[in-house]
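Visitor: Pasting a structure here, questions to come.
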Amino acid sequence: MKLLGRIFLAFGAFLVVAGVLYGIHSREYQGLTLMLTTAGGAFLFGGYLTQALQRATAIQTAEAAPAVEGEPHVGPTIWPLVFALSMVPLVVGALGSRWVLAVGGVVFVVAGVGWLLDVQRQWQAHYGGGHGPPAHGADASVDG
């Protein structure tokens, strides 16, 4: 799965470069949009595979420890709505003006970053400022 994740990440990087060069030289922006959209999907899939492998490795190497209190509840946030609404200017921009496409792309990126930061803030509040659940490794104290 590690190799497959790297392949998708490399494919996404290739499509970004190819899409930008295609958009510059051909002056046909629908192809550029399609290549960049496909690159985004490849990045998402490759990142998911890489993260899933890291989680599976962490679970396998972790010793049996008391159960963690669970995942935090992520409260309501406005970012999924903004994320979804950013699709309207992206589609309109892909079919028409590239300025609308640029505005849609900026709103898309801002909504994605805002959503991730909001979820990360809630996870940090749940685990007391850490980046995730506490590690239960060989150097953790064991009662018994």
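Visitor: Take the range 1-52 and flag every residue that is free of Cβ contacts under 8 Å to residues at least 40 places away in the same chain and small (Gly, Ala, Ser).
Guide: Once the filter is applied, which keeps residues that are free of Cβ contacts under 8 Å to residues at least 40 places away in the same chain and small (Gly, Ala, Ser), the range 1-52 yields Ala10, Gly12, Ala13, Ala18, Gly19, Gly23, Ser26, Gly31, Ala39, Gly40, Gly41, Ala42.
Visitor: Residues being without any contact (Cβ under 8 Å) to a residue 12 or more places away in the chain and over 16 Å from Gly23 (Cα atoms): count how many of those fall in the range 92-112.
Guide: Summing the residues that are without any contact (Cβ under 8 Å) to a residue 12 or more places away in the chain and over 16 Å from Gly23 (Cα atoms) in the range 92-112 gives 3.
Values quoted throughout were computed directly from the atomic coordinates according to the rules given, and no laboratory measurement underlies them. Note that this is a predicted model, so its numbers are computed, not measured. With ideal geometry, Cβ positions are generated from the backbone for all residues, glycine too; neighbour counts draw on all protein chains shown.
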